[in-house]
1. Dipole size in debye (nearest 20) for the stretch 10-180 around its Cα centre, Lys and Arg Cβ +1, Asp and Glu Cβ -1?
2. Just to confirm the number: angle between the C-alpha axis of helix 62-83 and the first principal axis of the chain, 0 to 90 degrees, nearest 10?
3. Do you know the relative contact order of the chain, to the nearest whole percent, from alpha carbon pairs under 8 angstrom that are 6+ apart?
4. Of Gln48, Gln74, Gln35, which has the largest mean-square fluctuation in a 10 Å C-alpha GNM of the chain?
5. Take the alpha carbon atoms of the stretch 87-119, find their center, do the same for the stretch 29-81, and report the distance between the two centers in whole angstrom.
6. Longest segment of the chain with no trypsin sites (Lys or Arg not before Pro) in a DSSP loop having at most 14 other Cβ atoms within 10 Å?
7. Among Pro62, Pro138, Pro52, whose mean-square fluctuation peaks in a Gaussian network model of the chain (Cα, cutoff 10 Å)?
8. Kindly write out, for the stretch 131-138 in residue order, the coupling ³J(HN,Hα) from the Karplus curve 6.51 cos²θ - 1.76 cosθ + 1.60 (θ = phi - 60°), rounded to whole Hz, with x marking Gly and Pro.
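Where a number appears in this text, it was derived from the coordinates with a stated rule and is not lab data. Computed from a predicted structure; not experimentally measured. All Cβ positions, even for glycine, are placed from backbone atoms using ideal geometry, and neighbour counts span all protein chains on display.
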Amino acid sequence: MRTLLGRRTPVTTALLIAIVLVFVADVLTGLQLTQLGADQRNLVLAGQWWRPLTSMFLHGGPLHLVLNAWVLYQLGSLCEFMLGSRQMLGVYLVSGLAGSFASLAWQTGASVGASGAIFGLMGALIAFLLRRREMLTPSAKSLLWQLVGWAGVNVYLGMSIPEIDLAAHFGGFVMGFLLGLVLQGRAPRPQPQPLMSQI
């Protein structure tokens, strides 16, 4: 799959496929989100430690899925392009877990969604670009401020809409931002060398 950036992003593609397949399985089985692995404090404390991870691939409905998938496509593609596939996957998983545990600390109800991981990608991109702000092109600077504005809008929405798990968003963003401060950019691909120098 090629993104709008014209670059291959296999991890972003795989994550998108995974969350869609999990949602289809959810619909077909008719199981409750808690049965499928939603993040819930009492169950995690009872020993079901996989829930902070499995909840990242569950969604509460078609709209929730579509919105997260669209943002994941945009931010995941950009992050994978800048950081490389392995680092992007690391940011996604670590930030998602940070968001899940922040949610556990803040609320007792069930929580699902990839939002914590997605906010981690946003935080990583912002930190990564801020570190290089003196070298950024005008378009890259514009992208940086768009990301900052997008983060601000989402904080406002999270405070305004009770159904949004603001703790997961905040936990994921902070972890992603910290990772973005230390991660290196994608290594340039080596250019092929001629077999013989021209005379």
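1. For the stretch 10-180, the charge dipole is close to 420 debye.
2. 30
3. 24
4. Of Gln48, Gln74, Gln35, the most mobile in the Gaussian network model is Gln35.
5. The stretch 87-119 and the stretch 29-81 have Cα centres spaced 8 Å from each other.
6. The longest uninterrupted stretch comes out as 8-131.
7. Result: Pro138 has the largest fluctuation of those listed.
8. Karplus values, whole Hz, x for Gly and Pro: 4, 10, 4, 6, 9, 6, 6, x.
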